[in-house]
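Comments concern the structure below.
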Amino acid sequence: MKPHIRRGAVVSAVLAVALTVACTSLPPRTPPDPAHTAQVFAARRLDAALPDLPPPAQGWNGEQWFQAALALNPELAEARAAALAAAAGEVSAAERPNPTLNLFGEYVTAAAGGAGWLYGLSLDFLLPRSGERARARASAALETQAAESDVAETLWQVRSHVQQALLDVAYAEDEATLLGKLVADREALLASNRALAEAGAISRSETLVQDLELARARQRLVRSRALGADAEARLAAAVGVSVRALEGIPIKWDHWADIDALSPTPLMNDSRAAALIGRPKLIRALREYDLADVALQSEVAKRWPQLHVSPGYAWDKSGLQQNTANDTLHDTLHDNELGVSLELPLFNRHQGPIGEALARRERAGQHLQAVQAELFEEIERAERAWPQAQQAWQSASGAGQLAARQQSAEQRAFGAGASDRATLLVAQLAATEAELSRLEAAYDAQVAFAALESAYRRPLQGADATVAMSPRTRARP
């Protein structure tokens, strides 16, 4: 077998292997169909999707609602997918660059008059700069950590949304019950005053005030029911289902208005210190600074040339003809090559990109300080708001107790015949209004307590919603 035929077979084999490796198989593409995904989302049901939890018809507590959100919330699933995508970059960063195969043909004319085609190939090997691969791997790892901090932040946001929606549903239900009683008492008082007006005991103009108060009470009841319906829709969105999936499922928060049971004081100092250095938002800012620093190191390393080594080999197909006085010789030409290429720093020393990287690192440092200042503000405002809300609830509770005692006294007087029904209804209305004020103060205190937890990014009461999941943990589809 001729040498050039053997070499051609070798080249063909190399090309075949290269093409085979390059054409790796991929999973089949399944383009999303919005109509189908909408049907799938609307068909979600809590009892079918979460077999590990008790049946939702029995009534879930806050932790169980949060566990459902961990499995079904779309925003959390998106954050996890982003973290997995960032983690996939670590594999790419660890890979070494492949050589480049170049095929070429060259027409050569010899000095003695012979001519022919040269065919050859060359390989281009990149020689990375010192530490370049380590910097790439460090940068990819930092990207993953930043994405994981986003997952941690999203976890807390989902918890906050679930907790706030549950609070709003419970508050709206209790408020609607009291407002229903208020409307009934207003209607009874209006009927009593109208009877007195017809009997001439009072003027008819005095009933107009009761008409107005009754209209206001009915408006408050309608508004409370609307807020409750909106809270149920927000709870469904926070969990990751449609409102229809909540039909037949009791939504409750037992003893939510017992503010005396909330006592975060022993943990506040430790929680504050941990939040100022460990909040997910601050962790992301730290990782962004580290990324900017690695990028600066990479730009500084580019001051040194990056070498490309290109070995090559060429041969002729038919042989160059060399004419002599006696005969014609047919020789096969062999050409071995070795090339080295690099950038020449003639016009710049890479100062522009280095300056840009320095500026980006400085910006990342300033952003880190701004984030920490924001955390200081959030924590200090929450720490100041909580005791004030607690005190307001205690004052409202005291006023409610006084109104309840007054109502009891009027009830006894009415039973003894020492008071009329109108006076008793006024006392009942005052007691109901005081209870509504106490309920509103309890709601404000729960919101302030949740803001304190949010500032610390940790639960401060019980074990509710302490579940955390790694961004690489698989969630239910």
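The values are calculated or read from the model by the stated rules, or taken from the named source; none is laboratory data. Predicted, not measured: the structure shown is a model, and the values here were computed from it. Quick reminder, even Gly has a Cβ in these numbers, built from the backbone with ideal geometry, and neighbours come from all protein chains shown.
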Checking Glu95 against (1) free of Cβ contacts under 8 Å to residues at least 40 places away in the same chain; (2) surrounded by 12 or more Cβ atoms within 10 Å (Cβ to Cβ): exactly one of these is not met. Which one? (2)
Can you tell me which residues in region 194-206 are touching a helix residue (DSSP H, G or I) at 6+ places or on another chain (Cβ under 8 Å), exposed (fewer than 14 other Cβ atoms within 10 Å of the Cβ) and assigned to a helix (DSSP H, G or I)? Glu206
Flag for Leu402 being in contact with a helix residue (DSSP H, G or I) (Cβ under 8 Å, 6 or more places away or on another chain), free of Cβ contacts under 8 Å to residues at least 60 places away in the same chain and loosely packed, with under 14 Cβ neighbours inside 10 Å: yes
Exactly one condition in (1) surrounded by fewer than 16 Cβ atoms within 10 Å (Cβ to Cβ); (2) under 30 Å from Pro97 (Cα atoms); (3) modelled with pLDDT of 85 or more is not met by Ile277; state its number. (2)
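Determine, yes or no, whether Ala236 is among the small types (Gly, Ala, Ser) and modelled with pLDDT under 90.
Taking the combined requirement at face value, the residue does not satisfy it.
So which of Arg272, Arg287 is of a type in the set (Lys, Arg), touching a helix residue (DSSP H, G or I) at 6+ places or on another chain (Cβ under 7 Å), assigned to a helix (DSSP H, G or I) and within 20 Å of Gln145 (Cα to Cα)? Break it down stepwise before answering.
Numbers: Arg272 fails: within 20 Å of Gln145 (Cα to Cα).
When all the criteria are applied, what remains is Arg287.
Do you know which residues across region 207-257 are among the β-branched types (Val, Ile, Thr) and either in contact with a Ser or Thr (Cβ under 9 Å, 6 or more places away or on another chain) or part of a helix (DSSP H, G or I) (or both)? Full working, then the answer.
First pass over region 207-257, keeping only residues among the β-branched types (Val, Ile, Thr): 207, 209, 222, 239, 241, 243, 249, 251.
Matches in region 207-257: Thr207, Val209, Val222, Val239, Val243.
Kindly establish whether Ala373 is loosely packed, with under 13 Cβ neighbours inside 10 Å and at negative phi. First the steps, then the outcome.
Numbers: loosely packed, with under 13 Cβ neighbours inside 10 Å: yes; at negative phi: yes.
Yes, satisfied.
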